[in-house]
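Heads up, the thing below is written out as structure tokens.
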Amino acid sequence: MDDEILYTVEAGIGTITLNRPQARNALTFAMYERLAAICSDPAAHGAPKVLIVTGAGDKAFAAGTDIAQFRSFASPQDALDYEEKIDRVITAIERCPVPMIAAISGAVTGGGASIACACDIRIATPTARFGFPIARTLGNCLSMANHARLAALLGPARVKDIVFTARLMEAEEGHRVGLYSEIVADHAALMSRARELATTIAGHAPLTMRATKEALRRLTAATMPADGGDDLVVMCYDSADFREGMEAFLGKRTPNWQGR
């Protein structure tokens, strides 16, 4: 629905709000497409000089993909198409010609965490909880491209730590390891600081920022292997464990993993 992503442009600053607070701003496929459309062509969407991405309310930035979206999966190709979609959306954020700021309160997990990581600057409140808890929820996996992005940002050891343990990284740790550039007091302060930061950036040389953003994107892209990892995606998404994880999550029970 159109109101699931709110978008405004004021004084050269665009604000994208993921607007499903009742579902912790979990993203539907339509929301992913709307986000990609704005980031791919900001000139056609009010021509902002800077974009802020945030979640409605203070409980979540985005709690990943809406799990109900996966119920339609019936073949390995569905899994590959889904990961291709996510990679395309994340690439659109990375390639966005204007700087992007993620303003984060509460849960920032799964696909929401991937979106935040693809933004250029992340600021957060003390309630921010970052991670990919898929090892205890769905039993799926990240794409090779998203593994490469995370490893470039956090380092391979920390990626293994947060995925293997399925823990959510507290805001203080996120600040310490460079995930967040700063922590502010609360959600009101977060949005105020995001606008202040966006105003400062909007007054700076756009080509300098575009060149810097693209140069760093190319460095990360150069670490991505030619092998796309399709076999790993199919192994997880086409498994009985993935179906079990999905139904357990939706049924609010603990999954019974079988490793197949």
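Each value in this text was obtained by applying a stated rule to the coordinates, not by laboratory testing. Only a predicted model underlies this, so the values are computations on that prediction, with no experimental measurement involved. Because the Cβ atoms are built from the backbone with ideal geometry, glycine has one as well, and the counts that use them run over all protein chains shown.
With the highest mean first, a sort of the peptides 75-86, 51-62 on other beta-carbon atoms found within 10 angstrom per residue produces 51-62, 75-86. Across region 2-186, the mean sequence separation of Cα contacts (distance under 8 Å, 6 or more residues apart), normalised by length, yields a relative contact order of 19 percent.
On the basis of the beta-carbon distance and an R0 of 25 Å, THR212 and LYS85 show a calculated FRET efficiency of 0.35. By the count of other C-beta atoms within 10 Å, a proxy for reagent exposure, PHE242, PHE130, PHE164 are ordered fewest to most as PHE164, PHE242, PHE130.
Once the Cβ-Cβ distance of LEU153 and HIS204 is raised to the sixth power relative to R0 = 25 Å, the FRET efficiency obtained is 0.60. Within the chain, the cysteines lacking any other cysteine Cβ closer than 4.7 Å to their own Cβ are CYS117, CYS119. Counting only DSSP beta bridges with both residues in region 2-186, the antiparallel share comes to about 25 percent.
For ARG122, the residues 5 or more places off, or on other chains, whose built amide H falls under 5 Å of its own are ALA102, SER181. PRO76 sits among other residues whose Cβ lies under 9 Å from its own Cβ, and their net charge, with Lys and Arg +1 and Asp and Glu -1, is -3. Computed about its Cα centre, the charge dipole of the chain is approximately 480 debye, with only Lys, Arg, Asp and Glu carrying charge at their Cβ. For region 78-128 versus region 199-260, the inter-centroid distance based on Cα atoms is 9 Å. Over the chain, DSSP H runs of length four or greater, each weighted -39,500 (n - 2.57), average out per residue to a 222 nm ellipticity of -14000 deg cm²/dmol.
For THR65, the residues 5 or more places off, or on other chains, whose built amide H falls under 5 Å of its own are LEU27, GLY111, GLY112. The residues packed around PRO126, meaning those with a beta-carbon under 9 Å from its beta-carbon, carry a net charge of -3 if Lys and Arg are +1 and Asp and Glu are -1. Which whole-angstrom value gives the distance between the alpha carbon centres of region 1-48 and region 147-176? When both Cα centres are located, 26 Å separates them. Divide the volume of the convex hull around the Cα atoms of region 2-186 by the residue count and you get 112 Å³ per residue.
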